[in-house]
Amino acid sequence: MFEKQVIENIKKDELLERVATFAKEGYRLVQISCTRLDKLVVDYSFDKDYKFHNLRFELPLEGAELPSISDIYFASFTYENELHDLFGINVSGINIDFGGKFYRINEERPFNKPVTKSQEA
Amino acid sequence: MGQRTVIPFGPHHPVLPEPIHLDLVLEDEVVVEAIPNIGFIHRGLELLCEKKPYQDMVLVAERICGICSLIHGVGFVQGVEQIMDLEVPGRAQFLRVFWSELSRIQSHILWLGLAADAIGFESLFMHSWRVRELVLDIFEETTGGRVIFDAVKVGGIRNDISNDTLARLAKQLDVIESEFKQLSDVFVNDFTITHRWKDVGILTPEDAKALGAVGPMLRASGIASDARMLKYSAYEHLDFEPVVEHGCDCHAKAIVRVREIFQSLDLMRQCIAKMPNGETEVKVKGFPKGEFFSRVEQPRGEVIYYLKGNGTKFLDRFRVRTPTFANVPPLVKTLAGCDLADVPAIVLAIDPCISCTER
Amino acid sequence: MSDLLKMCGTIFTSLKRKSSCEMYPVKPSRSYKKTRGSIKIDSSKCTLCTLCDKKCPTHAIKVDRAAGYWKINRGKCILCKECVHVCRPGSLTMENQYMAPTGTIQIDKVDVELKIPKKKEGIKAEEKELKAKGKVVAHAEKAIEAKHGAINPADKEAVKEVKAKVAAREKVVEEDKATLKSEVKASKDIKK
């Protein structure tokens, strides 16, 4: 926690290239998370020998699309299915794709409701 | 080529403490594939950060899970303190580590009891939980609660423990150690247990690293990685090394947890010896503005919190990635190729805490 | 054979020691000083300040000053002790025993009298008495005398002079306000 945390802003197109470099250097995928502000901010976090490196880019609220990194990191399927189920981001090419049924919940994309409804709430 | 059948495992199963669903594809009693499914206990706790002030969110964070409740609170509070640049006094840091290690002992003894129950050794389960009661008594005496403690807050801790109580608790730790030593001997050396757990659920070191395993799953495969080595809180003043085993199977995972209990008892004695005197909290003014990734070691592995504040009393985002969530892909990998009768032992070996996974 | 003997130590101690189980709820459960069991109110001390209502994170406590009651929803209370910490008169305490389980969610309502604190009552009575006697000794002066010793009569005179000047100034301001009001009214009438 007292280590230096590097948060790097990249473009969505550079994602696959950067992730492949990290995999070659032996970094471990820590998490993939998404924050909903006036747009969607996606964070890919990596760690090696307790050093923390974070890649960040932005997506629009509706109709967001991402390529999957599950060819490089097998374990990313859980995070990418979660991104689809909770935020409505379309991730293409996941190795184990649950098609929206990973989280057995009744509501569609509960964390990224269309703007009018959340303004009322 | 045998005939394939699909058997549902869970969400209700005598072995599982919490609901998770696995579709097991079997070929003549050998599991070929396992497909996990979660969401039975999803409460959407992360969204509550937009409705509750950040001081009340500590209470919500502690209630994400019943077994690892205190460390969730510590991780959240550390994140907010780093965003707001608060300097927490030394006594509060040491007491947080004292309670965290006690929480780790409680969680590991709970797991050992459940694992023994899963293979049918019920009397060992009862004895483990009887020893766990001694640990819960210490919690009740110092914080007021047995399972949910409400012990930490932003800026410090809520209750103090006097130095006389600490000296008395040090003797109580010796009682717990001697009671647990008899049981640990059974877990490590007993013929029934080794017969059920040896060479079951093997996770090679390369797979463990590639699939992102954390916690005892990783350390039982020979990789020394422990988030406490980040030296957060009072850990920079304490002396310890990650506990590593090389067996890669369920028995190695059990031995890692048994040795971690003894390591935690030692860390608690170090805490009591080095405890500084002074204040237990610092005044908090203003609201958090900024972001931080807070990493803490839970009994099940490394948990990471992402906190983002925007200058108001509500946080923008509170994201928790718990260790069981990261251990689901290794679980899927270890289940491939095992016998149907070994599935409960392998599922329990990751120490599934599904309330944490689904928040 | 040695495997069978491993658990013997534990087995023999278990035979000798008393049961680890408690006879709860037949007998009260073992508790410590800090055990968080349930919230209890002493309505004679409560001043209906509503701080516990504002601080409660789950909104389990409802206080109504007008109707005069303090209500707690036991099902929502998470025993966090925020209300006990914030209660100034000390009417809320944390009991050590848990509440007995019930079939429905328990909502406890306690009627509380809105009372003026005794200290204020005493001061008001004193002031009434002195006013009747024609002497108004400001309570503030008494407090200053108690803390710093007797006030210098010269200072007292100076304060009186300043107070007279302030009163005169305020009178002038009031008269100006009255004339302004009447002028505004007159102009409005003219407009009409």
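Evaluate the following for B:F292: is it aromatic (F, W, Y), closer than 23 Å to B:I71 by Cα, buried (at least 24 other Cβ atoms within 10 Å of the Cβ) and within 14 Å of chain A (Cβ to nearest Cβ)? When the stated conditions are applied, B:F292 does not pass them. When B:L211 is tested against (1) out of contact with any Pro (no Cβ under 6 Å at 6 or more places or on another chain); (2) in contact (Cβ under 8 Å) with a residue 60 or more places away in the chain, only condition (1) is not met. For region A:70-93, the set of residues classified as away from chain B (no Cβ under 12 Å) and in contact with a helix residue (DSSP H, G or I) (Cβ under 6 Å, 6 or more places away or on another chain) consists of A:I89, A:V91, listed by residue number. If the condition is being assigned to a loop (DSSP other than H, G, I, E, B) and within 26 Å of C:K27 (Cα to Cα), then region C:77-101 contributes C:C77, C:I78, C:L79, C:C80, C:K81, C:N96, C:Q97, C:Y98, C:M99, C:A100, C:P101. Residues in region C:47-85 that are touching a residue at least 60 places away in the same chain (Cβ under 8 Å) and either acidic (D, E) or in contact with an Asp or Glu (Cβ under 9 Å, 6 or more places away or on another chain) (or both): 1 in all.
Scanning region B:228-239 turns up one or more residues that are assigned to a helix (DSSP H, G or I), under 29 Å from B:P329 (Cα atoms) and not charged (D, E, K, R). Taking the criterion of being among the small types (G, A, S) and assigned to a loop (DSSP other than H, G, I, E, B), would at least one residue in region A:75-84 satisfy it? No, because not a single residue in region A:75-84 is among the small types (G, A, S) and assigned to a loop (DSSP other than H, G, I, E, B). Yes or no: region B:113-123 includes at least one residue that is within 11 Å of chain C (Cβ to nearest Cβ), of a type outside the set (G, A, S) and either part of a helix (DSSP H, G or I) or touching a residue at least 60 places away in the same chain (Cβ under 8 Å) (or both). Scanning region B:113-123, I find at least one residue that is within 11 Å of chain C (Cβ to nearest Cβ), of a type outside the set (G, A, S) and either part of a helix (DSSP H, G or I) or touching a residue at least 60 places away in the same chain (Cβ under 8 Å) (or both), so the answer is yes. Checked against (1) outside any loop (DSSP other than H, G, I, E, B); (2) modelled with pLDDT of 80 or more; (3) touching a helix residue (DSSP H, G or I) at 6+ places or on another chain (Cβ under 7 Å), C:D108 passes all but condition (3). Of the residues A:L29, A:L37, only one is of a type in the set (A, V, I, L, M), within 11 Å of chain B (Cβ to nearest Cβ), more than 30 Å from B:I35 (Cβ to Cβ) and surrounded by 12 or more Cβ atoms within 10 Å (Cβ to Cβ); which? Criteria check complete, one pass: A:L37.
Residue by residue, here is whether (1) at pLDDT 80 or above; (2) outside any helix (DSSP H, G or I); (3) over 30 Å from B:S178 (Cα atoms); (4) out of contact with any Leu (no Cβ under 7 Å at 6 or more places or on another chain) holds:
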residue: C:L5; (1), (2), (3), (4): no, no, no, yes
residue: C:P25; (1), (2), (3), (4): no, yes, yes, yes
residue: C:I39; (1), (2), (3), (4): yes, yes, yes, no
residue: C:S43; (1), (2), (3), (4): yes, yes, yes, yes
residue: C:C49; (1), (2), (3), (4): yes, yes, yes, yes
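Of the residues contained in region B:2-17, none is found to be surrounded by 17 or more Cβ atoms within 10 Å (Cβ to Cβ), in contact with a Phe, Trp or Tyr (Cβ under 7 Å, 6 or more places away or on another chain) and either at pLDDT 90 or above or closer than 30 Å to B:G155 by Cβ (or both).
Residues that are touching a Cys at 6+ places or on another chain (Cβ under 7 Å) and surrounded by 19 or more Cβ atoms within 10 Å (Cβ to Cβ) do not occur anywhere in region B:34-45. Being under 30 Å from the mean Cα position of the chain (by Cα), loosely packed, with under 11 Cβ neighbours inside 10 Å, at pLDDT below 80 and over 30 Å from C:L48 (Cα atoms) is a property that C:A140 lacks.
For region B:303-324, filtering for residues that are within 9 Å of chain A (Cβ to nearest Cβ) and either in contact with a Gly (Cβ under 6 Å, 6 or more places away or on another chain) or buried (at least 24 other Cβ atoms within 10 Å of the Cβ) (or both) leaves 2. Checked against the criterion of being within 10 Å of chain C (Cβ to nearest Cβ), among the aliphatic types (A, V, I, L, M), in a helix (DSSP H, G or I) and crowded, with 18+ Cβ neighbours inside 10 Å, the candidates B:L173, B:L183, B:L102, B:L110 yield just one match: B:L183. State whether the residues of region B:228-239 include one that is more than 14 Å from chain A (Cβ to nearest Cβ) and of a type in the set (D, E, K, R). Yes. Scanning region B:328-351 for residues being touching an Asp or Glu at 6+ places or on another chain (Cβ under 8 Å) and crowded, with 24+ Cβ neighbours inside 10 Å gives a total of 1. Total residues in region B:124-134 satisfying the condition of being crowded, with 21+ Cβ neighbours inside 10 Å and either within 10 Å of another protein chain (Cβ to nearest Cβ) or more than 19 Å from B:R196 (Cα to Cα) (or both): the figure is 3.
Within 29 Å of B:K313 (Cβ to Cβ), in contact with a Phe, Trp or Tyr (Cβ under 9 Å, 6 or more places away or on another chain) and among the acidic types (D, E), is that true of C:D64? In short, yes.
For residues that are crowded, with 16+ Cβ neighbours inside 10 Å and of a type in the set (A, V, I, L, M), scanning just region B:144-170, find the one that is farthest from B:Y54 (Cα to Cα). Ranking the candidates gives B:L169 first. Report whether or not C:S14 is at pLDDT below 85, assigned to a loop (DSSP other than H, G, I, E, B) and within 14 Å of chain B (Cβ to nearest Cβ). Spelling it out, it is not the case that C:S14 is at pLDDT below 85, assigned to a loop (DSSP other than H, G, I, E, B) and within 14 Å of chain B (Cβ to nearest Cβ). Output the number of residues of region B:23-40 satisfying the condition of being part of a loop (DSSP other than H, G, I, E, B) and more than 10 Å from chain A (Cβ to nearest Cβ). Of the residues in that region, 2 qualify. Residues of region B:195-213 that are more than 9 Å from chain A (Cβ to nearest Cβ), in a loop (DSSP other than H, G, I, E, B) and either in contact with a helix residue (DSSP H, G or I) (Cβ under 9 Å, 6 or more places away or on another chain) or of a type in the set (D, E) (or both): B:K198, B:D199, B:V200, B:G201, B:I202, B:L203. Filtering A:I105, A:I7, A:I96 for residues that are touching a His at 6+ places or on another chain (Cβ under 7 Å) and either away from chain B (no Cβ under 13 Å) or within 23 Å of B:T322 (Cβ to Cβ) (or both) leaves a single hit, A:I105. Considering only region B:259-271, I want to know if a residue exists there that is out of contact with any Lys or Arg (no Cβ under 8 Å at 6 or more places or on another chain), within 14 Å of chain A (Cβ to nearest Cβ), surrounded by fewer than 24 Cβ atoms within 10 Å (Cβ to Cβ) and more than 27 Å from B:V77 (Cα to Cα). There is no residue in region B:259-271 that is out of contact with any Lys or Arg (no Cβ under 8 Å at 6 or more places or on another chain), within 14 Å of chain A (Cβ to nearest Cβ), surrounded by fewer than 24 Cβ atoms within 10 Å (Cβ to Cβ) and more than 27 Å from B:V77 (Cα to Cα). Annotation: B:C250 fulfils all but one of (1) out of contact with any Ser or Thr (no Cβ under 8 Å at 6 or more places or on another chain); (2) under 30 Å from B:P276 (Cβ atoms); (3) not aliphatic (A, V, I, L, M); the unmet one is (2).
The values are calculated or read from the model by the stated rules, or taken from the named source; none is laboratory data. Computed from a predicted structure; not experimentally measured. Positions of Cβ are backbone-derived with ideal geometry, glycine not excepted, and every protein chain shown enters the neighbour counts.
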